[in-house]
There are 4 protein chains.
Amino acid sequence: MNAILLMHCPDQQGILAAVTNFINVNGGNILYLNQHVDNEEHVFFMRIEWNLDSFSIPKDRIAEYFETLYAARFSMVYSLHFSDQIPRMAIFVSKMSHCIYDMLARYASNEWVVEVPLIISNHPDLQIIADRFGIDFQLIPITKENKAEQEQFELDLLKKYKIDFIVLARYMQVISDQFIDHYPNRIINIHHSFLPAFVGAKPYHAAFERGVKLIGATSHYVTKDLDAGPIIEQDVVRISHKDNVRTLVHKGQDLEKIVLSRAVEKHLQRKVLAYKNKTVVFN
Amino acid sequence: MNAILLMHCPDQQGILAAVTNFINVNGGNILYLNQHVDNEEHVFFMRIEWNLDSFSIPKDRIAEYFETLYAARFSMVYSLHFSDQIPRMAIFVSKMSHCIYDMLARYASNEWVVEVPLIISNHPDLQIIADRFGIDFQLIPITKENKAEQEQFELDLLKKYKIDFIVLARYMQVISDQFIDHYPNRIINIHHSFLPAFVGAKPYHAAFERGVKLIGATSHYVTKDLDAGPIIEQDVVRISHKDNVRTLVHKGQDLEKIVLSRAVEKHLQRKVLAYKNKTVVFN
Amino acid sequence: MNAILLMHCPDQQGILAAVTNFINVNGGNILYLNQHVDNEEHVFFMRIEWNLDSFSIPKDRIAEYFETLYAARFSMVYSLHFSDQIPRMAIFVSKMSHCIYDMLARYASNEWVVEVPLIISNHPDLQIIADRFGIDFQLIPITKENKAEQEQFELDLLKKYKIDFIVLARYMQVISDQFIDHYPNRIINIHHSFLPAFVGAKPYHAAFERGVKLIGATSHYVTKDLDAGPIIEQDVVRISHKDNVRTLVHKGQDLEKIVLSRAVEKHLQRKVLAYKNKTVVFN
Amino acid sequence: MNAILLMHCPDQQGILAAVTNFINVNGGNILYLNQHVDNEEHVFFMRIEWNLDSFSIPKDRIAEYFETLYAARFSMVYSLHFSDQIPRMAIFVSKMSHCIYDMLARYASNEWVVEVPLIISNHPDLQIIADRFGIDFQLIPITKENKAEQEQFELDLLKKYKIDFIVLARYMQVISDQFIDHYPNRIINIHHSFLPAFVGAKPYHAAFERGVKLIGATSHYVTKDLDAGPIIEQDVVRISHKDNVRTLVHKGQDLEKIVLSRAVEKHLQRKVLAYKNKTVVFN
């Protein structure tokens, strides 16, 4: 089994040596180490993964030791994960299926180490997909009137299903601030434009109007500012004057699903650190 | 020698057959034909290039015949070019050399069929480059006070040098509306962002602040709305959290020069048709 | 309803005018016209799509008229399609699911106009996917001894299911020449390398050994020369020294499925013309 | 001033901690650390850059201390560089100018920290470029008969000009094994294909014949096996059936120059480690 430590703290000399020493001295074999210094913000980021087979500190005491010896001293914000914890993901959808199919295909073929026990939708259209893959489907229509109530129902469900993080797979609803507070940097959205261009509704229409030569897709953590959360992944595809809104939508769908799946995969691998409104994504 | 006809008109049945017939019947051999129908605007676009060696209409009468027989009938906007006309290009620069070097290297090696008789700059820094390539260099500093006067001086120079079109190769000045009127869709600019994201000054700083995962460059015709003219070419390059503003500027420069040169090349080949705020770019 | 004509013939003056005239004069409205002249082979290629609503020649006589009036005269090889004919596709698989999932997701969501009545596999592993999507699944294991017999069984099945074309979605068997003869340029394969680099088995291992910085995938029509048929689509993804064979396989899978689906889509849209060992792919 | 240490050695526990400790304990501030473990070859690679301002070991003794304390113990192969050493580069050319112009533009604008005191060519065509940039130009024609002698003359020149590494900027000559021995992993070539596809002469012709949908360029260190040395950088550009050999050459030139310049830049930044027939390229 491996331990994975994600951390950031004010940049100071000696952090890297201290942490690697801690692992080495106690018999851990470092498998991956990625570090990054943000010289504008003066913040040090690190992801370190090590094998626990000969590690002298018991698994359930590592956090305590690390906290006492290093985290407090260096003012670290950190999270500790273990390779035997399988993240539990809920998918929120509306009517479009390309993103959810792409993720479920990876899930069903064990390409991803993840559990997907729950799909939530505000429309019944994609129930058939949940059925095909044997996943619980909850139809939760949202109106202006029932939004608060329905979101509370969703939160209860997510708790019941022990959901670690949520993927909005072209879920066409704005999530309330209260809801977001329960899953900080744990709700991943796909926006169908190259943000910050074409924020908001109908980005393909806007791209067509502007006459751009590339269209994009952006996957980001959801924050209280619409389409403005920390970006995890983006990509683009070339278009031309021959394209119309219909073909943009079509070309964009391939982009959306791949960009979203790449972002989810990085999150699953605990390789994304969000800091203020940006991300560090290790590879 | 070849003739090149660029045209657009309201979409109607029979245009393509009429024009191809006109060329065939009169002994022209069609080398390239590209057409596009914009089904939103109901506009038909065409570029047709044919060999004149056996063409029965004299070169200097083609425009008249075409005007009389077809252009009036189909309400065409068209331009007629001949392969022995070498376009004359002026380059406007400030202090950065990457774009102008890229273009002059193509010019000097005959990669492009173009004449570059004149470089204009508001700073003296790049005089040495003009000297290296044996091109006239005019230092024309612009201040708020002298702008109208200096632009008039520039227009006189451009006329004297018989300039067909202008390339702003990171020229850090806004061109006045009056000036633009003299070169409609004949001033090509490079903007160092993926428009419409990061309009205006310091786009790399803005991209860094936003935490995007790709940066872009956009080449467009200059219109009276800043950074909003018809886009000719765009491209992007991947960046990461490791980049800072300095490395974004560095990576962006390679993108800027290639995107600008691609746009200029398409313009030189008479493959760009601007219509309203968009372009049709044939390949 | 629309008609789609795909054709190629020795390049001669007047073909384009003749065909467009034929359609216009008889009341057809040309929707799309793409043509290409291969100046090395002196071959003219064209795809023309027109609306039949006011076309004066009955749908079932168009081929005859076209043959008599033009095809014979210009020595054309052509095929005529109608937009109400829905192509029928069989998918051949082995054990890997990423490509078939990607195609079935498009099929199930009506992204593609296609029927998929039959999946054939030499292994039972993916029966569950066929079941999920309600498609007939035939397990046809192939050994050296039974190959001729089993291929005959497959051919009978394909005939029974009225299959128009076959997609090899990581089907790990070589198809015999006899089999290929029944579906010339109608069997689409995905090879997991940037052909012609890394022909044959284990291309990701070979790419790793060579230390390339990009890996690719290639979709092509199957011909009697292994991995040497006309290429329809290729793409690449960036890798680095950090990748090992396992991560190459993983990154390559996203590429394979998208490249294969793009090729199948072009084929479905009747936009691919194969000539000798190359393709013309219109967009 | 900064020190840069590049190293590789058999992978063992404790190397990273030992080296970072060495720097920290002696007052060095680590600016960048990149490490990589090749789990197939069991080799550990590292690049570490630190500021020397408060480093207690004198600059000219660092190598000795490092050798004694760590390099011997861990069986390291390493090189030590200092940021005040400006690498000296010679460019070898034949007749094509796109690559050399791209590099000289970077050199002249101080985009690169490099000295370019010498250009060698087997043809006189590009003397004018050397003159424009004020660089010594040596015309050294190579024939089968005079090759050994002329290469010796080149080696003498390179020694006289204190050249650190050589860039073959479309230099159309094969370098002898004897010559290569003098500059192991210090001769950078650009090959105009996506290696290992289309090794040898006329790769654009071969790509055209094969009907590929992307063409590539590859920059690599020159070794005794032709076009088979460790790859530093590769990239591709999309082409189509519309391209002929002439347009492939044209599109390829933009690719070649950018790919070569990226490779040279990585080499200048001491971010490339070659091991056997591959490279580790840090970013």
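The values are calculated or read from the model by the stated rules, or taken from the named source; none is laboratory data. Worth saying up front: this structure is predicted, and the values here are computed from it rather than measured. In this analysis, Cβ positions are derived from the backbone assuming ideal geometry, glycine residues included, and neighbour counts consider all displayed protein chains. Just so you know, the surface numbers come from the protein's heavy atoms only, side chains and all, with ligands and any DNA or RNA stripped out. Shrake-Rupley method; radii C 1.70, N 1.55, O 1.52, S 1.80 Å.
The selection criterion, being of a type outside the set (S, T, N, Q), away from chain C (no Cβ under 13 Å), surrounded by 23 or more Cβ atoms within 10 Å (Cβ to Cβ) and in contact with a Ser or Thr (Cβ under 8 Å, 6 or more places away or on another chain), holds for D:Ile190.
For the stretch C:147-159, the condition of being open to solvent by less than 10 Å² (accessible area, probe 1.4 Å) and assigned to a loop (DSSP other than H, G, I, E, B) holds for none of the residues. Filtering the stretch A:5-21 to residues that are surrounded by 20 or more Cβ atoms within 10 Å (Cβ to Cβ) and either modelled with pLDDT of 90 or more or charged (D, E, K, R) (or both) leaves A:Leu5, A:Leu6, A:Met7, A:His8, A:Val19.
Here the condition is being outside the structural domain of C:Glu265 (by TED's automatic domain parsing) and either open to solvent by 60 Å² or more (accessible area, probe 1.4 Å) or of a type in the set (A, V, I, L, M) (or both); of C:Arg61, C:Arg47, it holds for C:Arg61 alone. The number of residues in the stretch D:72-118 that are more than 14 Å from chain B (Cβ to nearest Cβ) and among the small types (Gly, Ala, Ser) comes to 5.
Residue count for the stretch C:119-146 under the criterion of being part of a strand (DSSP E or B) and among the hydrophobic types (A, V, I, L, M, F, W, C): the result is 4.
Condition check ((1) of a type in the set (Lys, Arg); (2) crowded, with 18+ Cβ neighbours inside 10 Å) across all residues:
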{"residue": "A:Ser219", "(1), (2)": "no, yes"}
{"residue": "A:Gly229", "(1), (2)": "no, yes"}
{"residue": "A:Arg238", "(1), (2)": "yes, no"}
{"residue": "A:Asn244", "(1), (2)": "no, no"}
{"residue": "A:Ile258", "(1), (2)": "no, yes"}
{"residue": "A:His267", "(1), (2)": "no, yes"}
{"residue": "A:Ala274", "(1), (2)": "no, yes"}
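Quick check on B:Glu41: is it under 30 Å from C:Met46 (Cβ atoms), open to solvent by 10 Å² or more (accessible area, probe 1.4 Å), out of contact with any Asp or Glu (no Cβ under 8 Å at 6 or more places or on another chain) and not hydrophobic (A, V, I, L, M, F, W, C)? Here the answer is yes, as B:Glu41 does meet what is asked. Of the candidates D:Leu226, D:Leu248, D:Leu255, the single residue that is modelled with pLDDT under 95 and assigned by TED's automatic domain parsing to the domain that holds D:Arg106 is D:Leu226. The single condition from (1) open to solvent by 60 Å² or more (accessible area, probe 1.4 Å); (2) over 21 Å from the mean Cα position of the chain (by Cα); (3) on the phi < 0 side of the Ramachandran plot that B:Ile129 fails is (1). Residues that are at pLDDT below 95, β-branched (Val, Ile, Thr), assigned to a helix (DSSP H, G or I) and surrounded by 15 or more Cβ atoms within 10 Å (Cβ to Cβ) occur in the stretch B:22-38; there is at least one.
Taking the stated definitions as given, is A:Val281 farther than 16 Å from B:Arg238 by Cβ and out of contact with any Pro (no Cβ under 9 Å at 6 or more places or on another chain)? No: the conditions fail for A:Val281. Within the set A:Val272, A:Val280, the sole residue that is more than 11 Å from the chain's Cα centre (by Cα), farther than 26 Å from C:Trp112 by Cβ, at pLDDT 95 or above and of a type outside the set (Ser, Thr, Tyr) turns out to be A:Val280. When you look at B:Arg73, is it in contact with a helix residue (DSSP H, G or I) (Cβ under 9 Å, 6 or more places away or on another chain), surrounded by fewer than 20 Cβ atoms within 10 Å (Cβ to Cβ) and among the basic types (Lys, Arg), yes or no? So B:Arg73 fits the description; yes.
Entry remark, the stretch D:219-245: residues being outside any loop (DSSP other than H, G, I, E, B), facing chain C (nearest Cβ under 9 Å) and of a type in the set (A, V, I, L, M, F, W, C) number 4 in total. From the list A:Pro203, A:Pro230, the lone residue that is of a type outside the set (Gly, Ala, Ser) and under 22 Å from A:Phe282 (Cα atoms) is A:Pro230. The condition of being of a type outside the set (Phe, Trp, Tyr) and either closer than 30 Å to B:Asp11 by Cα or open to solvent by 60 Å² or more (accessible area, probe 1.4 Å) (or both) holds for only one of B:Met89, B:Met103, B:Met96, B:Met172, that being B:Met172.
Annotation note: Cβ proximity below 7 Å between a residue of the stretch D:158-186 that is free of Cβ contacts under 8 Å to residues at least 60 places away in the same chain and a residue that is outside any helix (DSSP H, G or I) and of a type in the set (Phe, Trp, Tyr) (sequence gap 6+ or interchain) occurs for D:Tyr183/D:Phe165; D:Arg186/D:Phe165. Considering B:Phe208, B:Phe198, the condition of being closer than 25 Å to A:Leu273 by Cβ, within 11 Å of chain A (Cβ to nearest Cβ) and in a loop (DSSP other than H, G, I, E, B) is satisfied by B:Phe198 alone. The residues in the stretch A:167-195 that are in a loop (DSSP other than H, G, I, E, B), within 27 Å of A:Asp125 (Cβ to Cβ) and either among the aromatic types (Phe, Trp, Tyr) or not assigned by TED's automatic domain parsing to the domain that holds A:Tyr101 (or both) can be counted, and the count is 2.
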